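K.L.:
The structure is given below, and queries will be raised subsequently.
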Amino acid sequence: AKLPHGMVLAENAHSRNQEAVKVWKIFHYLFCDRRMLKSLVLYALCFIIVTLIYTVLQMNLEELPGSIYMTSIFVVLPEIPAWILSAAIIEYIGKKYSFLSSMMLAEIGIIIIGFESSHEIYTRLGEFVIKFGICSCENILNILIGELFPTPVKGTALGIVLLLSSFASMWAKFILYFSPLLICILGLALCLLAWVAGFFLDIKENAVILSLIHISEPTRRYATSYAVFCLKNKI
């Protein structure tokens, strides 16, 4: 038998109230808990800087002269080994130090461009190194989202971070109008800021991964991370 119309409306209102309470609890825990708020601010800062540098570099690489096919290969080439190697070295030096070392690698690439901007080969080498380091940082940050936030608030935290990073990437085109020296100085300052933020992230390092159960949930969802796990354990 069908419920009366009034009872259906009351039941729908009760469901909506329950959803509203659930959303309120998520936001309250995310913004009122000091540990969660600290993790959100630091993680968002790292993600925004990585997205901004990646977008600026992507726009610059797309302006390379020559064949569009060779340019596309050059743009994507550093990303493949970066994602695989960053997922592999996490087991040996930990998540935090993997992120910090990848960010330092990006800083080295910026320094190469800053000191040798007159030579095209050094400029391309610096861009390659920056792309490798930034892509490694991005992969590690995608893994860290499951380590920093519990499952009920993880989606909300990631949505906030992605929203903020999308606004930051809008300014990438304007940065390209700066002089090369100013862009290098700004890039070094941003990388240093992300390095400091990553250093203060509350990351709990685990021992060597022995089985798939011990791998964090986001890691299991990444094909490269799972492939590295299977190759190491010869599954």
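K.L.:
How charged is the neighbourhood of G187? Take every other residue with its Cβ under 12 Å from the Cβ of G187, and add Lys/Arg as +1 and Asp/Glu as -1. Walk me through the intermediate numbers first.
P.N.:
Details: positive: none; negative: E107, E127.
With Lys, Arg at +1 and Asp, Glu at -1, the neighbours total -2.
K.L.:
Between M104 and L37, 0.36 nm times their residue separation minus their Cα-Cα distance comes to what? Walk me through the numbers before you get to the answer.
P.N.:
Numbers: separation 67, 0.36 × 67 = 24.12 nm, distance 2.58 nm.
Stretched fully, the M104-L37 segment lengthens by 21.5 nm.
K.L.:
Provide the per-residue ³J(HN,Hα) series for the range 109-115, in order, calculated from phi with Karplus coefficients 6.51, -1.76, 1.60 and θ = phi - 60°, each as a whole number of Hz, with x at glycine and proline positions.
P.N.:
Whole-Hz 3J(HN,Hα) from phi for the range 109-115: x, 5, 5, 4, 5, x, 8.
No value in this document is a laboratory result; all are computed from the given coordinates. All values derive from a computational prediction rather than experimental measurement. Neighbour counts run over all protein chains shown; Cβ positions are idealised from the backbone, glycine included.
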